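The next block holds one structure in the form of structure tokens; read it before the comments.
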Amino acid sequence: MIAVELGKLLRSRRTWVTIGLVDALPTLVAVLLAVTDLGPRPGTGPAFLSAVLHDGTLFPLAAMAMVLPLFLPVAVAMAAGEAIAGEAQTGTLRYLLVRPVGRTRLLAAKLVSVMAFVLLTVLVVAATALLTGTLLLGHENTGRTISVSGTTLTTGELAVRTGLALLYAMLSMLGVAAIGLFLSTVVRTPLAAALGTLAVLVASTLLLPLDAAHALRPYLLTRYWLAFVDLFRDPILWTNVVHGVLQQCGYVVAFLAAAWANFATKDVTD
Amino acid sequence: MTRSRRWWLAAVAVALVTAAPLVARAVPVQAPDRDAASLVAQVRAAAHHPYSGQVEMNGNLDLPVTSRFTDIGTLLGERTTLRAWWRGPDAWRVDKLLVTGETDLLHSGGLTTEWSYEANRAVRSVDPDVRLPRTADLLPPALAARVLDGADDRTATRIGARRVAGISAPGVRIRPADPRSSVDHVDLWEDPASGVVLRVDAYASGDTAPSFSTAFTTFSAAIPDEARTRFVLPAGAKVSFDDVLDIADAANQYAPFDPPDRLAGLVRAATPSGAVGVYGSGLTRLLVIPLRHRDAQTLDDQLRRSAGVVESDVGLQLQAGPLGVLVADRGDFSWLVAGPLTPDTLVTAARDLQAGATLR
């Protein structure tokens, strides 16, 4: 069933259009930076954006910092919202469930499919950013990159840390995927599921800087998303990265359980 | 399995996931039963004890900020995360962690280096006689040392222990005996093994919540590796040397004034001996800085935009929590008078200053 879902994902034109749109923003930024040579003032732009002017190999990380707060979660919310509600809307859910496959497995296959979409998007964005970064941006990297803490990283260390950062960015989308999947089992249209997921995302973003909501911070969906920057400190600051992974696992357990509870015995008429 | 049973199972899963972070905090705190005086004595004895860890600072002091006054306004008015490695007063490192990078302070071999990742720049300087507060001054052990400077240990009282950075830390309350202080009390919690202060909460008079709080979220009392406090300039980074660190250092070196020996009854400290004066100690410390007209005007504009600013014949005055700021106008130049003192004390100090300061 997972293979079927992955095949559908790869054949879908919408998948590639969405990835293209997500990818367009960092590519546009790379072109603008290359043309103007103007970086953001300290503390104002996305992480690593000022550094790419002298070291283009860091642009995949800057690209992640650009798409992670909004573009990527919006794309994931749409993909996850589509998972069950999309089948229901097009009237194919009934036929899907006629197959001798449990609904729990169908949910798991849908989650895997959404995460495969995330993997694909992150890889395309990172690869494009590496290409544009090395071609258009800073060329001062002579096999050594400056870490955020001012120490130097070898090319090997940079590659490992970049790989970890991309993996972390993917894991950060698990919560969005799980919420979207749950809402997709509740509502009848994918748009409603995607909007519901985005509402959670916006609420988290608004609550995060509020001192009054300090007690809620460890539970807020977006709390640890940008912690991948901590992988480029020296020594690596693991605290928020570990908390981020555990939090996303918590979201998966909670919302997948809710999706399962709602969907496993739901009357499907669409 | 019935639908209701599935939902029960889902609810249990949600409850377990939500409760997991709370369980560790719910374990009762057990700290050694010792009196306040012995705890304070242990803190004083641990003044140079090494440590490392991550620190979370949270302030709600709405101070007027200008670039000439460094980042003191944001440090005291926002939430800041730091990482510190402290081998001793001559070798330490404090990193200010930002979502977009880091601004680090490293001190070694008599030099202080400020590294800014986003600017790709290192600025080196020698610590002057006087400067404005910076991140390293607001680490719990450093702030506690200032609070205890000149404090009467007999006024310390025990407060409940709390868990700080996973350590059951006994607490002590310091209440200033001097009525000129605007600080109601400061609470300290220390590591019972090393005596290093793990958390400091400062309260203004009449407040129930701390105006400023600084606490370790992770902590080790082991001596950090020497390499942590050594800065090696990365290839391609810009480097410069600052002769003048900030506005206090500049005024102390170049302003042609001598502040009087006593202000509002507070005695001037031996250093700095230039145009900037530091008076009193601990929770009644007063700082006076002569300002050029241009700098005073900028600060004046900032103060006028702040809520709660008071204008009198002495100048503009603002009380932000326990911290008072007064800009006393003298025409061509002004005096910045600041400290954790009552508004009346600041006015008295400003009048004494206007009457007693002399031209060199």
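The values are calculated or read from the model by the stated rules, or taken from the named source; none is laboratory data. Predicted model, so just to flag it, every value in this text is computed and none were measured. Neighbour counts are summed over all protein chains in view; Cβ atoms, including those assigned to glycine, are modelled from backbone coordinates with ideal geometry.
A:Ala88 fails exactly one of the following numbered conditions: (1) within 14 Å of another protein chain (Cβ to nearest Cβ); (2) crowded, with 18+ Cβ neighbours inside 10 Å; (3) of a type outside the set (Phe, Trp, Tyr); (4) under 21 Å from A:Ala259 (Cβ atoms). What is the number of that condition?
Tallying (1) within 14 Å of another protein chain (Cβ to nearest Cβ); (2) crowded, with 18+ Cβ neighbours inside 10 Å; (3) of a type outside the set (Phe, Trp, Tyr); (4) under 21 Å from A:Ala259 (Cβ atoms), A:Ala88 fails exactly one: (1).
Only residues in the range B:1-16 that are more than 7 Å from every other protein chain (Cβ to nearest Cβ) count as the first member; pair them with residues that are at pLDDT below 85 and surrounded by 12 or more Cβ atoms within 10 Å (Cβ to Cβ), Cβ under 9 angstrom, at least 6 apart or cross-chain, and list the lot.
What qualifies is B:Met1/A:Ala264; B:Met1/A:Thr265; B:Thr2/A:Thr265.
Residue by residue, here is whether (1) crowded, with 20+ Cβ neighbours inside 10 Å; (2) of a type in the set (Val, Ile, Thr); (3) in the same structural domain as B:Gly77 (by TED's automatic domain parsing) holds:
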site	(1), (2), (3)
B:Asp295	yes, no, no
B:Leu299	yes, no, no
B:Leu303	yes, no, no
B:Pro322	yes, no, no
B:Ser334	yes, no, no
B:Val347	yes, yes, no
B:Gln354	no, no, no
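So which residues in the range B:224-245 are in contact with a strand residue (DSSP E or B) (Cβ under 7 Å, 6 or more places away or on another chain), part of a loop (DSSP other than H, G, I, E, B) and closer than 20 Å to A:Leu237 by Cβ?
Listed by number, the residues that qualify are B:Pro224, B:Arg230, B:Phe231, B:Pro234.
Of these, A:Val176, A:Val229, which one is of a type in the set (A, V, I, L, M, F, W, C) and away from chain B (no Cβ under 13 Å)?
Exactly one residue qualifies, and that residue is A:Val176.
Taking the residues in the range B:105-132 that are in a strand (DSSP E or B), within 8 Å of chain A (Cβ to nearest Cβ) and in contact (Cβ under 8 Å) with a residue 60 or more places away in the chain as candidates, determine which candidate is surrounded by the fewest Cβ atoms within 10 Å (Cβ to Cβ).
Checking each candidate, the answer is B:Ala122.
In the set B:Ala119, B:Ala46, which member is on the phi < 0 side of the Ramachandran plot and either at pLDDT below 90 or not assigned by TED's automatic domain parsing to the domain that holds B:Val183 (or both)?
None of the other options fit; the residue is B:Ala119.
Of the residues B:Val337, B:Val267, which is more than 19 Å from B:Leu63 (Cα to Cα), assigned to a strand (DSSP E or B) and either of a type in the set (A, V, I, L, M, F, W, C) or under 24 Å from the mean Cα position of the chain (by Cα) (or both)?
Just one listed residue meets the conditions, B:Val267.
In the range A:156-169, what residues are crowded, with 21+ Cβ neighbours inside 10 Å and of a type outside the set (Val, Ile, Thr)?
Within the range A:156-169, A:Leu158, A:Ala165, A:Tyr168, A:Ala169 meet the criteria.
Which residue, of A:Ala47, A:Ala62, A:Ala3, is of a type in the set (A, V, I, L, M), out of contact with any Phe, Trp or Tyr (no Cβ under 8 Å at 6 or more places or on another chain) and either part of a helix (DSSP H, G or I) or surrounded by fewer than 22 Cβ atoms within 10 Å (Cβ to Cβ) (or both)?
Testing whether each residue is of a type in the set (A, V, I, L, M), out of contact with any Phe, Trp or Tyr (no Cβ under 8 Å at 6 or more places or on another chain) and either part of a helix (DSSP H, G or I) or surrounded by fewer than 22 Cβ atoms within 10 Å (Cβ to Cβ) (or both) leaves just A:Ala3.
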